[in-house]
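Please treat every number below as a calculation from the coordinates, not as lab data. Given the structure is predicted, the values throughout are model-derived calculations rather than measurements. Neighbour counts are summed over all protein chains in view; Cβ atoms, including those assigned to glycine, are modelled from backbone coordinates with ideal geometry.
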Amino acid sequence: MSRRPRFASLGRLLQDRRAGWLSLPAGIVAWEIAGRVSQFAFLPPFSAAVSAVWRMTWSGELPQSVAASLTALVVGYASAVCVGIPLGIVMGRYRRVDAFLDVYVTILIATPKLLFVPILFSLFGTSRLTQVIFIYLSAVVVITVNARSGVRGVDAASVEMARAFGATERQVLTRILLPGALPMIMAGVRMGMARAVRAMIMGDMLIALVGMGALLRKYGGRFDAASVFGLLLVIVGVALACTSTIRSVERRMTRWTEES
Amino acid sequence: MITVRHVDKAFPARNGNAATLALHGVNLTIDTDEFVSVVGPSGCGKTTLLRMIAGLVLPDAGAIAIDGRPVTGPGPDRAVVFQQFSLLPWATVADNIAFGLELRGMPRDERLAIADDQIHAMGLRGFERHYPRQLSGGMQQRVGLARALAVNPAILLMDEPFASVDAQTRRTLQEDLRTLAERTRKTIVFVTHDIDEAVRLADRVVLLSPRPGQVVESLPVGLSRPRPEDLDQEPAAIQLKAYLWRQLRGMQQATSPKSRP
């Protein structure tokens, strides 16, 4: 008799959504223990990784490389947003533009962007510009494609209504198609950010020889496992911060789609 | 005054379907302040006729003019109320009502003041900041009607506006529209497939033939303004409805392949 309530409370414990808050601390604890117990040299404990981050921060090399990476990210990603959204809207609205550009978009969707790296190398060398273009190429496609399908998804009746009330073509674009496509556009902008962050790291390591990826390569080459894991923590943190910033902007701009 | 002269309209062939002639040789004159219902079997092109008067599509042949000026596109003298409401889901009730004024470049506070008058007149008080999906179908169409009235058009074009709301709400909306018609004296063209609704609302009922649509008959309802409370007691209304029923049934039997021996 006395066991039943305990069983029920265990069930309730397993149902609790707040368990999500425990998952990261649990992983960190497991990492720490594994790092201390195992004799495997390339698995330093969590605490060692954190102190490596601390050391790199104070030496100045980490802030400098984070800034370098983020600059490339911001420039490349911002250009992708500024080109991708209008391009997608125009492709979604005008069949002729779409028919003309569709093949290039399809090619860009299908190919790994790394294929373009040798071409960019030959054009711009191992400069920041190569990396910025690489980030731009990685993000622009998904933003364009999403904006295009967002515009195509806008109810034709809304466009007809606007025309009946005297809307010009420009007003149809800005008052109907842009807001109507906004949920899809913002989803593309968010996915574009994830791709841009990935491209930023790859670009750091392969192209520019500066920034966080370059630092990662430097410490990896020295078999300094604590610093490598510390850098991974920083990169994951930067990626999460970038995507969650975009997500909160997205939520603010598409509030009308939420359930009442 | 709206004049429709010898108007033809065909829809081009698409997806293997042959081109269809929707309207052929349509003639119709609607006086200023007149309330005309357009009825006809489904697919007879009554909505197409309305869209041409709105300027959303142009006739292939013939001409449509308003007070002598040919219709070449939508204009500020006309506003449309749509069957599917066509409200903007991202805009509040107040912004939806003000949308036509926004397109004309009216400053926000001015247009919201006009929207506010319409909100009051339409019984939408308290819903200004709601989004369309938070409203019932009947309320959404009140917003649609308020949006049309906010631009103060001389001509109100209504495309089966009450077809997608429930029967009780429809009756209330009909009564409100009738009151509005008597109060504001606008020219109203009201497309419907509901004979009772056509007779209940309009001063005149225009009957279109099956495709290609043509004006078969133009029948004055012959009831006093303001309308008597209970139409079902009015011999004129009863007779007109019965007559329209017979005509429409005759058209449907003539076109339906099943009825052929």
- Put a dot 7 Å past each Cα toward the Cβ at A:D155 and B:Q168; how far apart are the dots in nm? 2.5 nm
- Query: Which ordering of B:H24, B:H6, B:H193 is given by a fewest-first count of other beta-carbon atoms within 10 Å?
  - Reply: B:H6, B:H193, B:H24
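Using R₀ = 56 Å, calculate the FRET efficiency as 1/(1 + (r/R₀)^6) where r is the Cβ-Cβ separation of B:E229 and A:A194; round to 0.05.
Details: r = 65 Å, r/R0 = 1.16.
Given R0 = 56 Å and the Cβ-Cβ separation, E is 0.30.
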- Query: In whole Å, how far is the Cα centre of region A:163-209 from that of region B:195-223?
  - Reply: 50 Å
- Item | Cβ-based net charge around A:D102, under 15 Å, with every Lys or Arg adding one and every Asp or Glu removing one | +4
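So what is the relative contact order of region B:133-215, in percent, for Cα pairs below 8 Å that sit 6 or more residues apart? Display every interim value, and only then the final one.
Numbers: 57 pairs, mean separation 24.1, N = 83.
After rounding, I find 29 percent.
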- Task: Could you pull out every one of the lysines with an alpha carbon less than 29 Å from that of A:K218, ignoring same-chain neighbours closer than 8 positions?
- Result: A:K113
- Query: For B:Q134 and A:V83, what is the calculated FRET efficiency with R₀ set at 41 Å and r taken between the beta-carbons, to the nearest 0.05?
  - Reply: 0.65
- Item | Full-extension gain in nm, A:Y104 to A:A19, via 0.36 nm per residue minus C-alpha separation | 26.0 nm
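Would you please report the Å³ per residue occupied by the convex hull of the alpha carbon atoms in the protein assembly as shown? Don't skip to the answer; put the middle values down first.
Working: hull volume 147.4 nm³, N = 521.
Spelled out: Cα convex hull of the protein assembly as shown, divided by residues, is 283 Å³.
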- Item | Reachable lysines from B:K241, criterion Cα separation under 30 angstrom, eight or more residues apart if same chain | B:K9, B:K46, B:K186, B:K258
- Estimated vicinal HN-Hα couplings, Hz - region A:229-243 in sequence order (Karplus 6.51, -1.76, 1.60; Gly, Pro = x): 5, x, 5, 4, 4, 5, 4, 4, x, 4, 4, 5, 5, 5, 5
- Message: Please give me the summed charge of the neighbours of B:P220: other residues whose Cβ is under 9 Å from its Cβ, Lys and Arg +1, Asp and Glu -1.
- Response: 0
- Message: Please list, in order along region B:238-246, the HN-Hα scalar couplings obtained from phi with the Karplus expression 6.51 cos²θ - 1.76 cosθ + 1.60 (θ = phi - 60°), rounded to whole Hz, x for Gly and Pro.
- Response: 4, 5, 5, 4, 4, 5, 4, 4, 4
- Cα gyration tensor of region A:46-249, axes a ≥ b ≥ c as square roots of the eigenvalues: rounded (a/c below 1.5), prolate (a/b > b/c) or oblate? prolate
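So, counting K/R as plus one and D/E as minus one, what does the shell of residues with Cβ under 13 Å around B:A91 add up to? Could the numbers behind the result be given before it?
Details: positive: A:R175, A:R255, B:R108, B:R111, B:R129, B:R133, B:R147; negative: B:D95, B:E102, B:E128.
Overall, the nearby charge balance is +4.
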